[in-house]
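Working notes, beginning with the structure itself.
The values are calculated or read from the model by the stated rules, or taken from the named source; none is laboratory data. Just so we're clear, the structure is a prediction, and the values are computed from it rather than from any experiment. Cβ atoms come from the backbone with ideal geometry, glycine included; neighbour counts cover every protein chain shown.
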Amino acid sequence: MTIKDCVKKYSNDLKLVTHIPAKEIEILIMFLLDKNPIWLHLNYNNEFEKENELQTLVKKRATNYPLEYITKKASFYGEQFIVNEGVLIPRPETEFLVENAFNILKEQKESKTVVEIGTGSGIISVMLALLIENIKIIAVDINPKALELAKQNAKKFGVLEKIDFRLSNLFENIFEENIFMVVSNPPYIANDYKLPKNVKFEPSNALFGGVLGDELLKNIIKETNDKKIQYLLCEIGFDQKKSLEEYFKEFNVEFHSFYKDYENFDRGFTLKFKK
Ligand SMILES: C[S@@+](CC[C@H](N)C(=O)[O-])C[C@H]1O[C@@H](n2cnc3c(N)ncnc32)[C@H](O)[C@@H]1O
């Protein structure tokens, strides 16, 4: 069977799990052959020799198993990151968090120390290390699998020496002083929220933030303030702006602003504490 026929035949099996079934079959074929899109389109009418392997992957994907866990790749901020089962798959909305941190950091004359809480695959820390020359990052997570993967990504992009990856529950293993900024995309979903089928394959300790969902966020806000760190930038759930804005009133805040994601949902904030 040709590549073209395979795309047509197997697209049907993915219609219920994705709105781009043909594209996903192409991605699986490229993954199996280790080829790029240009090669694929030049060879669309050629015989495809790995139909059995393709069939196995399509069956797996048809259970809602994420495509990124099959191909072990996800794009973020225009770069290709390595992903692995057991670690959260990067989401495009987290690009806003990187962009906002970058805009503050690029204005700084001296080298700054940034802490990332919950680094996962390392996307935020790796991107900041790539974008800002003078930076030292301490990136923590409670999940050893995440730290292992984040290190692989830092190595892939040549920024391993700029990031200190550490196993830590929030700030527990962070003893440094003079930290300039904390960035975090913490788990922020309420414990009883019913996840969509595809998200169920991702680790629950990367998703659930407590009974209401914003408990971990509030811990991060409080601890950042206690440690006298000036800036805090976090991703949040679409319905958490009001409760967090209320919580900010308990602190001496110089300014704060919320931002929306690509779908116009409230998705995060930048906060500066008064010195
Ligand atoms: C939503 S994921 C974000 C991962 C990555 N930063 C990203 O944006 O794709 C949250 C991460 O926080 C980690 N985490 C959960 N609770 C934590 C805690 N108490 N202290 C440190 N990290 C935690 C999880 O293991 C997970 O990797």
statement: Note on the stretch 170-195: residues within 15 Å of the ligand (Cβ to nearest atom) and not in a strand (DSSP E or B) are Leu170, Phe171, Glu172, Asn173, Ile174, Asn185, Pro186, Pro187, Tyr188, Asn191, Tyr193, Leu195
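Would you check which residues across the stretch 75-89 are farther than 18 Å from Ile27 by Cβ and either modelled with pLDDT under 95 or near the ligand (Cβ under 9 Å from one of its atoms) (or both) and list them?
First pass over the stretch 75-89, keeping only residues farther than 18 Å from Ile27 by Cβ: 77, 86-88.
Val87, Leu88 - these are the residues of the stretch 75-89 that are farther than 18 Å from Ile27 by Cβ and either modelled with pLDDT under 95 or near the ligand (Cβ under 9 Å from one of its atoms) (or both).
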message: For the stretch 90-105: of the residues being surrounded by 16 or more Cβ atoms within 10 Å (Cβ to Cβ) and near the ligand (Cβ under 7 Å from one of its atoms), which is farthest from Lys260 (Cα to Cα)?
response: Pro90
query: What number of residues within the stretch 142-169 are among the hydrophobic types (A, V, I, L, M, F, W, C), in a helix (DSSP H, G or I) and within 15 Å of the ligand (Cβ to nearest atom)?
result: 5
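Where in the stretch 223-275 are there strands (runs of 3 or more DSSP E), lying wholly inside it, with at least 2 residues that are more than 13 Å from Ser184 (Cβ to Cβ)?
Numbers: elements: 231-235, 253-260, 266-273.
Result: 253-260, 266-273.
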query: For Tyr77, which of the numbered conditions (1) in the same structural domain as Gly237 (by TED's automatic domain parsing); (2) in contact with a helix residue (DSSP H, G or I) (Cβ under 7 Å, 6 or more places away or on another chain) fails to hold?
result: (1)
- line: Counted residues in the stretch 122-151 being under 22 Å from Leu207 (Cα atoms), surrounded by fewer than 24 Cβ atoms within 10 Å (Cβ to Cβ) and of a type in the set (S, T, N, Q) come to 1
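Which fully enclosed helices (runs of 4 or more DSSP H) of the stretch 1-67 have 1 or more residues being touching a Ser or Thr at 6+ places or on another chain (Cβ under 7 Å) and within 24 Å of Val83 (Cα to Cα)?
Working: elements: 3-11, 21-33, 37-42, 51-61.
Fully inside the stretch 1-67 and qualifying: 21-33.
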